[in-house]
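*Asks:* Let me begin by handing over the structure; questions about it come next.
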Amino acid sequence: MSYAAPGNERALAALVKETQVFLLDMDGTVYIEDELIGDMKNTLERIRRSGRRIVYFTNNSSKTATEYEQKLVRLGIFGEGDFVYTSGIAAAEYLNEFYAGKKVYLVGTDALKGEFCAAGIPLTEGDDAEVGVLAYDTTLTFEKLVRLNRLIVKGKPYIATHPDAVCPAKDVFPPDVGSFIALLECSSGKRPDVICGKPYTVMGDCIKRRLHLPPGKIAMAGDRPHTDIRFANNNGFHSLLVLSGETDARTAASSPDRPDAVAESLNDIVRFL
């Protein structure tokens, strides 16, 4: 299938026309590690100049929004009106909505713990924890797993930030939260009560409230059909699959998660802005 075909071109044009905010996955969509994809700096500036907004939107809960902003500033692609939204932020908002004031045991980085504390979530390392939260913890230890496993087996609410099995990397993909979930399922016999990040609806509901927009004005652009495109479809957003990262044309054609439009890269939208 050619993604320059008239049907896809019309779909891409319609998606851009109807979109007021682009939710952009980052690695594989905007950049690969520290290298921008094509003329990305110009593409992002053209989006802003058209009156549309950019939200850098990621499942990675090991870093805070501030840490991501610092990288985006360093790459020269963080502009006026932009902001970063992570599955960690969505998890914190979910906790404040449904478990306000409950003591939380968080398996996560110190940076994420700071973000939870700033959101007013009481964290504890003790046996008084009332909710267990599993995030992408790059400082994971056996002790942390044992403590969370104990809470899960005791029947405490169990929240995960996102379901990704691995984290993108140039060499070998390291295990991500989805792998931790599988490990804990083996030991506890239970899966999370709620998973906040893509492709589920918690993160979608949170971003809709923050943007004050109907879903038909929002587009999710990303390189993974099973997370980015499924997330858009689950939340009623427009969906743009880019082939600049994890997914190639053959995989895209065989995926059950169908996007509204496909592009070789995000840069292809410039001619429709």
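*Asks:* Can you tell me which residue in segment 1-28 is surrounded by the most Cβ atoms within 10 Å (Cβ to Cβ), limited to those that are modelled with pLDDT under 95 and among the polar types (S, T, N, Q)?
*Replies:* The qualifying residue surrounded by the most Cβ atoms within 10 Å (Cβ to Cβ) is 8.
*Asks:* Looking at 205, 228 in this structure, which one is surrounded by 22 or more Cβ atoms within 10 Å (Cβ to Cβ) and among the acidic types (Asp, Glu)?
*Replies:* 228
*Asks:* Quick one: count up the residues across segment 248-261 that are buried (at least 24 other Cβ atoms within 10 Å of the Cβ) and either touching a residue at least 60 places away in the same chain (Cβ under 8 Å) or assigned to a strand (DSSP E or B) (or both).
*Replies:* Summing the residues that are buried (at least 24 other Cβ atoms within 10 Å of the Cβ) and either touching a residue at least 60 places away in the same chain (Cβ under 8 Å) or assigned to a strand (DSSP E or B) (or both) in segment 248-261 gives 1.
*Asks:* For segment 1-77, give me every one of the helices (runs of 4 or more DSSP H) that falls completely inside it and has 3 or more residues that are touching a strand residue (DSSP E or B) at 6+ places or on another chain (Cβ under 9 Å) and assigned by TED's automatic domain parsing to the domain that holds residue 216.
*Replies:* 6-18, 40-49
*Asks:* Separate question: Can you pull out the residues in segment 190-202 that are free of Cβ contacts under 8 Å to residues at least 60 places away in the same chain and surrounded by fewer than 20 Cβ atoms within 10 Å (Cβ to Cβ)?
*Replies:* Residues of segment 190-202 that are free of Cβ contacts under 8 Å to residues at least 60 places away in the same chain, as a first pass: 190-193, 195, 199-201.
Within segment 190-202, 190, 191, 193, 201 qualify.
The values are calculated or read from the model by the stated rules, or taken from the named source; none is laboratory data. Just so you know, these numbers come straight off a predicted model, no measurement behind them. Every residue, glycine among them, receives a Cβ derived from its backbone with ideal geometry; neighbour counts consider all protein chains shown.
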